Amino acid sequence: VGKWMDRFGIRKMMFIEAFAFIFVYILYGLAAWGITAELYPSQGLAVGAVYLLFIIDRLSMQMGMVRSVYLRSIAWDENEVTAALSTGVSLDHIVSILAAVTGGFIWSRWGSHWVFFLAALFSLGNLYVAIRVRPAEEKEAAEKMRLSLKESQSVH
């Protein structure tokens, strides 16, 4: 992932991450729908495809590194990066618990495939963030802020 960031840049990697999540969740939803509707066999090739999706999903989780590098590049104060990442992990845990309860309700009420289709829909948020990212402009603004902070600290 690090080499890809060097080669393609943060913004493109955020697009890749967003599309990877959308793609994987749509395929998960189609697989769950096809297996439960008995359009696909519940063993053999269909199960192998789900295993492959799981592996791709786990690999795409490594893309979280891209957001961490992006945060570090735009942070006004390096000391705030760890706090921001820690807060993000805490919020992820809270959202995961709420999503599990909500997902369980949706799963039992309307079917497992809808949980995955909703995850793909929510992953459009990642795509929105990727569209809004302007690393060069933000890095320049962060650098100006760092200089301004250093100047104000040196005056005191």
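The values are calculated or read from the model by the stated rules, or taken from the named source; none is laboratory data. Since this is a predicted model, take the numbers as computed values, not measurements. All Cβ positions, glycine included, derive from the backbone under ideal geometry; neighbour counts span all protein chains shown. Ligands, DNA and RNA are stripped out before the accessible areas are found, and what is left, the full protein with its side chains, is counted by its heavy atoms. Shrake-Rupley method; radii C 1.70, N 1.55, O 1.52, S 1.80 Å.
Summary of values
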quantity: Cut-off under 5 Å, modelled amide H: who pairs with Tyr40 long-range; calculated: Ile35
quantity: Debye log10 I(q)/I(0) at q = 0.14, 0.19, 0.23 Å⁻¹ for region 1-80, Cα point scatterers; calculated: -0.59, -0.82, -1.01
quantity: Carbon plus sulfur fraction of accessible area for region 1-72, probe 1.4 Å, in percent; calculated: 68
quantity: Under the span-like rule (Cα at least 15 Å along the axis, Kyte-Doolittle mean at least 0.0), DSSP H helices of the chain; calculated: 10-36, 45-60, 64-74, 78-110, 112-122
quantity: R0 of 22 Å, Cβ-Cβ distance Arg132-Ser68: FRET efficiency to nearest 0.05; calculated: 0.80
quantity: Relative contact order for the chain, counting Cα pairs under 8 Å that sit 6 or more residues apart, in percent; calculated: 43
quantity: Heavy-atom accessible area per residue - the chain, 1.4 Å, Å²; calculated: 70
quantity: Label selected from (i) 10, 28, 31, 18, 9, 3, 1, 0; (ii) 11, 39, 35, 9, 4, 1, 0; (iii) 10, 40, 37, 12, 1, the criterion being P(r) over Cα pairs in 10 Å bins from 0, in percent as computed here; calculated: (i)
quantity: Protection proxy ranking, peptides 88-100, 64-76, 44-56, average beta carbon neighbours within 10 Å, highest first; calculated: 64-76, 44-56, 88-100
